[in-house]
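The values are calculated or read from the model by the stated rules, or taken from the named source; none is laboratory data. What you are looking at is a predicted structure, and each value in this text was computed from that prediction instead of being measured. We place every Cβ from the backbone using ideal geometry, glycine too, and count neighbours over all the protein chains shown.
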Amino acid sequence: MSEKELEDKPTTIDNPLSSSVFTFNAKYISYLHTFFAYSSFIAALIVGSYLHYYKIVQNASYGYPDEWFPSVSATIGDRYPERSVFQIIIALTAGPRFLLLIFNFISLFRKNCYLPYVALIAGTLRTFTAGGWMYITSTDDHDAHDVFMISYMVLTIPWTVCTTLLSPKGSCQRKGRFYSAVLFFGTIVPLIYWFIQHKVHVRPGAYSIYAYFEWGLIFFDILFDSWSAIDFSSIEISISGKGIELLQVKQPSKTEEKPIEIKKPADEFTDIEVIVNLINSYIYWSVTTSLILCIWYFPLWHMGISGYEAAILSFFLAPIFLIIPFIRNFFISHPSITRTLTVIFGVGAYKVPDPEQRLLVITAGTVFGVISVVTEFSAVSTYPKKLNSYISTFILGVLTTSIFKYLCFSNNPIWPIMHKENGGYNAIGIFLGLLAAFFTPKQEKSTIAVTSNSNGSSLILAALGFGGYYFSIQSYLTDSGTLALWTWEGFPIKGPTPVTGALLHFVAIIVAVVITIRSHPNLFSGMSYNLIVGGGSAFVLFKYRDWLGYAGAVVYTFYLVSIGPMIWNSIKGHNIGVAFFLGYFFSIVFALASVWIVAYAFVPGGPLLRERTDIVLSGSYSLILAGVLNYNLRKGELTKVKFSSPKSLKQTLTIVTALSALAISIFIKRYPTEPYRPYNEESKSFTAGIWCVHFGLDNDMWSSEVRMRDLIRDAEIDIIGLLESDTQRLIGGNRDFTQTIAEDLGMYVDYGPGPNKHTWGAALLSKFPIIQSTHHLLPSPVGELAPAIHATLDIYGELVDVVVFHSGQEEDVEDRRLQSLGIQEIMGNSTRPLVLLSYLVTEPLQGNYNTYVSEKSRVYDIDSTDWDRWCEYILFRELKKVAYARISRSTITDTELQVAKFKIMSDEERNDDDLQFYYGNNFVDEEVIDENLRMPQMFRGDGVRGHRYHVFDEPRYFAQEKWQIQQQEEEQQEEEQQEEEHQEEQQEVEYEEQEEQNNDE
């Protein structure tokens, strides 16, 4: 049917043929095509990863763990049943696909123009070539597969160009097609690069990165075709006794439009609705922060990229479903559904014991959480007062999260790494979350709308602003101790601690929320405010330490909250699916960058961002400025809009008053008031320990600080060094597990180099007062940074130095040599009794061990006969060694706990060389030690809770004898070597004498 005939058709949607059997809008053709196309690939990926993960990531050069993500071809064509699943669903796409080609031709047809015909021919041929590479896989016939694939790519060029040019100028679908095509063809460049890295350079992991871009091509290809739904929405298909007829949807004229007057009460939330929004926001932040924390578990145990990191894509892929109007309108009309699913999957994931399965469930919860926020924003965006209130509760949800973490020593009690045994309140979280989900307010549609075409603002700027804003909120404000530890420099305390700094953090958020709820966003829109207050406070936070640096942190916190209404208002009026898709994408880019700055030794391209916190902080701030600029482009149209109301202000003040009272109560409860006492004060002894705790996540992905606390308590450890302890960053959940241990056991704590120092962390906990401490970053020209704490403790009136140290990884030999020299110098320059609690990455009596234990460092090994060590060592000097043991870790971490008991030497003993040697490396039988100085007996035999004493597999006296035999053999070999050298020298002398005699003759 020609365009003219279509226009002249008298029948409209308002008056369908009386004999019509079935009438539907043509846009559903596009919906079906998009749904089946995406579903076929996603279903194959899910089935393949579940059944044959290790096989489908395998290629000709590498397998798991070098390769971790399957290519499209391996997913859809290599194995049963995923191949069959894909081919069945993709076959269902054929019908909508050919109808899509026909209706694209009809809706975009222009007289005297060849482009519609080129598009139809190219699209048809492209469809057949798609069937070729989909049904003939590289395993079946590699050459045929490649020919069809290349043909498909070539035909995509005329298809995308013609379809885009035929789209109405300035329309949403034209912009969408243009950006989709740019992303599609732009992805080809890195795709080729990584294919060369895989095929030519045979680089491990290259094929998995190539696969990311290959899947990106699929995604953007289908996205391009999905925009046809907008064109098709003006066509109705009627099936009747007369056949199939196309009916043009009657478009109401502008003169007939009657704007619906919005009643004043409709632009304000009720008190119950505000409380519901607050609980929903708390649930949202709890779920989304837990996803990144749980993703972190997998590269920890794989020591590199694991493939599970792909779960983070759920953040920005979730909004893409909302591009489809039907799905978007459905979720807007039924907000309780997404909120309920967020609670069930996000909070309820703790019921899934298997870490891999739990991550998948949390990912689903995150998807629905993101969809709920985006659709609810869309629903309230045309109601200024509701929007302002919604933004406030969104930030108050962050504040609530932070306060509850403050209550629970920086752990969120409803995270899926928590359960009843380690302090979780998951069941209460599920109950409150479901209750709030049930009462989530449903918004009425409004005729008031702001379109991006008329206000001059930019969708890209809006997305950039949201990306920087969201990353900053998530990284810096979700825990009250994060920025306090950015400024932490050790003892004596000259700045805030996570306990004392929290109140200022809360005050900054509360004051900013109250000001924004009662003011117009224009108040903070000036560039002078954003540059001086925002940029200046960020600079002070980055540059300075102690209270001055924390002053910058507090002001920057205020700034991030204050610009929230501008960021959100700059988005409204744009396509929310695209805007939030890009916005979350930019936030993820910075989230990954915040990981790369410390994990540079384990990730591709890591050295580019090594230790570049400045880039991450300034980059995210720059993105925020883009959002502010975008708001200013449309500020004029919003100047006369009233955002505040007395009712919203009263509701906000009520909430912040309750949260403030809770925060102050927690502060009073947690503030230390009594000095701490050691375990063995009567015997004047102390026990020191070293433990690498693997970021506070146990083997089964549960938070482990409670189990750590119990073992430290039962082992009666007075001083302990904890390694791999820096979790006050996004990937660690912005938490600090040393708080639980220190406050429950009554210990002073030095967190060590903060999260802005790019280390994996070293912390010191002590029952004795820490008089002074200094943080060190040992030389690390290639590998990971090696943190150290040099602290002076007051132990029974004697000043004793304690050094906690984590050496670099095994591969970086020169790093470890330089680090051993650095620690040797620290120990050598100390004039006090000293204990080194360390992770040295060396074998006993070999290599760098002899730098640590040397005449310059003047320290003894706690037990040089303990040959079964590799990483953890306790070294000491000018102290009486009383006992030494190693305690098995159970499933808490991957490293045992080493402990040693000491007594302070008298001056007479310190000057007695024989006595000092006796208390040095010699083995001391427990029978000669007083009972009150012996190690706890509960760990003997099978021990408790999986913890027991162990040193060697054989009895100790056999180990001692074995070591003595080894020493005798080495001495004998040395004597034989010296004798051989002496004989060689004697022979050489005799030969020279014989030569001289011959010359004389």
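Output yes when any residue across the stretch 743-752 is charged (D, E, K, R) and either in contact with a Ser or Thr (Cβ under 6 Å, 6 or more places away or on another chain) or assigned by TED's automatic domain parsing to the domain that holds L592 (or both), and no when none is. Explain how you work it out, then say what you get.
First, pick out the residues of the stretch 743-752 that are charged (D, E, K, R): 743-744, 750.
Cutting the leftovers down to either in contact with a Ser or Thr (Cβ under 6 Å, 6 or more places away or on another chain) or assigned by TED's automatic domain parsing to the domain that holds L592 (or both) gives us 750.
Yes - at least one qualifying residue is present in the stretch 743-752.
Would you check which residues across the stretch 66-91 are touching a Leu at 6+ places or on another chain (Cβ under 9 Å), assigned to a helix (DSSP H, G or I) and surrounded by fewer than 24 Cβ atoms within 10 Å (Cβ to Cβ) and list them?
Selection gives V72 alone.
Among F86, F109, which is the only one that is more than 21 Å from P158 (Cβ to Cβ), in the same structural domain as I46 (by TED's automatic domain parsing) and touching a residue at least 40 places away in the same chain (Cβ under 8 Å)? It would help to see each step written out before you state the result.
On the way: F109 fails: more than 21 Å from P158 (Cβ to Cβ).
Answer to the check: F86.
One line per residue, one yes/no per condition, for (1) closer than 19 Å to T895 by Cβ; (2) touching a residue at least 40 places away in the same chain (Cβ under 8 Å); (3) touching a strand residue (DSSP E or B) at 6+ places or on another chain (Cβ under 6 Å):
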site	(1), (2), (3)
E810	yes, no, no
L818	no, yes, no
Y839	yes, yes, yes
T842	yes, no, no
Q846	no, no, no
D863	yes, yes, yes
W867	yes, yes, no
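Output yes when any residue across the stretch 792-804 is assigned to a loop (DSSP other than H, G, I, E, B) and either crowded, with 24+ Cβ neighbours inside 10 Å or not acidic (D, E) (or both), and no when none is. Reasoning before the result, please.
Taking the stretch 792-804 first, the residues assigned to a loop (DSSP other than H, G, I, E, B) are 796-797.
Now drop any that are not either crowded, with 24+ Cβ neighbours inside 10 Å or not acidic (D, E) (or both), which leaves 796-797.
There is at least one residue in the stretch 792-804 that is assigned to a loop (DSSP other than H, G, I, E, B) and either crowded, with 24+ Cβ neighbours inside 10 Å or not acidic (D, E) (or both).
What tally of residues in the stretch 290-311 results from selecting those that are outside any helix (DSSP H, G or I), in contact with a helix residue (DSSP H, G or I) (Cβ under 8 Å, 6 or more places away or on another chain) and aliphatic (A, V, I, L, M)?
Of all residues in the stretch 290-311, those outside any helix (DSSP H, G or I) come to 303-307.
When the remaining residues are screened for being in contact with a helix residue (DSSP H, G or I) (Cβ under 8 Å, 6 or more places away or on another chain), the result is 305-307.
Next cut, aliphatic (A, V, I, L, M) only: 305.
The number of residues fulfilling the criteria is 1.
Check whether at least one residue in the stretch 564-579 is outside any helix (DSSP H, G or I), assigned by TED's automatic domain parsing to the domain that holds G501, under 26 Å from N329 (Cα atoms) and in contact with a Phe, Trp or Tyr (Cβ under 8 Å, 6 or more places away or on another chain), and report yes or no. Write out each step before concluding.
Taking the stretch 564-579 and keeping what is outside any helix (DSSP H, G or I), we get 572-575.
Then keep just the ones that are assigned by TED's automatic domain parsing to the domain that holds G501; that gives 572-575.
From the residues that got through so far, the ones that are under 26 Å from N329 (Cα atoms) too are 572-575.
Still in the list and also in contact with a Phe, Trp or Tyr (Cβ under 8 Å, 6 or more places away or on another chain): 572.
Looking through the stretch 564-579, at least one residue is outside any helix (DSSP H, G or I), assigned by TED's automatic domain parsing to the domain that holds G501, under 26 Å from N329 (Cα atoms) and in contact with a Phe, Trp or Tyr (Cβ under 8 Å, 6 or more places away or on another chain).
Tell me which residues, restricted to the stretch 113-136, are more than 20 Å from T163 (Cβ to Cβ) and surrounded by 20 or more Cβ atoms within 10 Å (Cβ to Cβ).
The answer is W133, M134.
Taking the criterion of being in the same structural domain as S890 (by TED's automatic domain parsing), modelled with pLDDT of 95 or more and more than 30 Å from L834 (Cβ to Cβ), would at least one residue in the stretch 669-689 satisfy it?
Taking every residue of the stretch 669-689 in turn, none turns out to be in the same structural domain as S890 (by TED's automatic domain parsing), modelled with pLDDT of 95 or more and more than 30 Å from L834 (Cβ to Cβ).
List the number of the failed condition for F923; all other conditions in (1) at pLDDT 90 or above; (2) part of a loop (DSSP other than H, G, I, E, B) hold.
Tallying (1) at pLDDT 90 or above; (2) part of a loop (DSSP other than H, G, I, E, B), F923 fails exactly one: (1).
Assuming R203 fulfils every condition listed in (1) in a helix (DSSP H, G or I); (2) farther than 30 Å from N25 by Cα apart from one, which condition is it?
(1)
Go through the stretch 814-844 and give me each residue that's assigned to a loop (DSSP other than H, G, I, E, B), of a type outside the set (A, V, I, L, M) and crowded, with 16+ Cβ neighbours inside 10 Å. Steps first, answer last, please.
To start, the set of residues in the stretch 814-844 that are assigned to a loop (DSSP other than H, G, I, E, B) comprises 830-833, 840-844.
Checking which are of a type outside the set (A, V, I, L, M) leaves us with 830-833, 842-844.
Residues satisfying the conditions are S830, P833, T842, P844.
Answer yes if at least one residue in the stretch 654-668 is in a loop (DSSP other than H, G, I, E, B) and either polar (S, T, N, Q) or without any contact (Cβ under 8 Å) to a residue 12 or more places away in the chain (or both), and no otherwise. It would help to see each step written out before you state the result.
Going residue by residue through the stretch 654-668, those that are in a loop (DSSP other than H, G, I, E, B) are none.
Checked against the condition, which is being in a loop (DSSP other than H, G, I, E, B) and either polar (S, T, N, Q) or without any contact (Cβ under 8 Å) to a residue 12 or more places away in the chain (or both), the stretch 654-668 yields no hits at all.
Filtering the stretch 712-735 down to residues that are charged (D, E, K, R) and part of a loop (DSSP other than H, G, I, E, B), which residue is surrounded by the fewest Cβ atoms within 10 Å (Cβ to Cβ)?
Residues of the stretch 712-735 charged (D, E, K, R): 713-714, 716, 718, 724, 726, 729, 735.
Among the residues that remain, those that are also part of a loop (DSSP other than H, G, I, E, B) are: 716, 718, 724, 726, 729, 735.
Details: E716: 18, D718: 26, E724: 22, D726: 24, R729: 23, R735: 29.
Among them, the one singled out is E716.
To keep it simple, each residue is scored yes or no on (1) closer than 24 Å to S389 by Cβ; (2) in contact with a helix residue (DSSP H, G or I) (Cβ under 8 Å, 6 or more places away or on another chain); (3) outside any loop (DSSP other than H, G, I, E, B).
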{"site": "I473", "(1), (2), (3)": "yes, yes, yes"}
{"site": "E489", "(1), (2), (3)": "no, yes, no"}
{"site": "P492", "(1), (2), (3)": "no, no, no"}
{"site": "P498", "(1), (2), (3)": "no, yes, no"}
{"site": "L504", "(1), (2), (3)": "no, yes, yes"}
{"site": "T516", "(1), (2), (3)": "yes, yes, yes"}
{"site": "L523", "(1), (2), (3)": "yes, yes, yes"}
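So which of L649, L629, L608 ends up being buried (at least 18 other Cβ atoms within 10 Å of the Cβ) and under 26 Å from Y470 (Cβ atoms)? Walk me through it before giving the result.
Numbers: L649 fails: buried (at least 18 other Cβ atoms within 10 Å of the Cβ); L608 fails: buried (at least 18 other Cβ atoms within 10 Å of the Cβ).
Exactly one residue qualifies, and that residue is L629.
Here is a list: R126, R79. Which entry is modelled with pLDDT of 80 or more and of a type in the set (D, E, K, R)?
Unique residue meeting the criteria: R126.
Name the single residue, out of those in the stretch 354-383 being of a type in the set (S, T, N, Q) and in contact (Cβ under 8 Å) with a residue 24 or more places away in the chain, that is surrounded by the fewest Cβ atoms within 10 Å (Cβ to Cβ). Working first, answer last.
First, pick out the residues of the stretch 354-383 that are of a type in the set (S, T, N, Q): 357, 363, 366, 372, 375, 378, 381-382.
Still in the list and also in contact (Cβ under 8 Å) with a residue 24 or more places away in the chain: 363, 366, 372, 375, 378, 381-382.
Working: T363: 24, T366: 25, S372: 25, T375: 26, S378: 22, S381: 23, T382: 19.
Only one residue tops the list, namely T382.
Which one of these is within 27 Å of the chain's Cα centre (by Cα), part of a helix (DSSP H, G or I) and assigned by TED's automatic domain parsing to the domain that holds R877: T740, T759? Steps first, answer last, please.
Numbers: T759 fails: part of a helix (DSSP H, G or I).
So the residue among T740, T759 that is within 27 Å of the chain's Cα centre (by Cα), part of a helix (DSSP H, G or I) and assigned by TED's automatic domain parsing to the domain that holds R877 is T740.
Based on this model, can you work out whether S392 counts as at pLDDT 95 or above and at positive phi? Can you show your working first?
Values: at pLDDT 95 or above: yes; at positive phi: no.
Answer is no for this residue.
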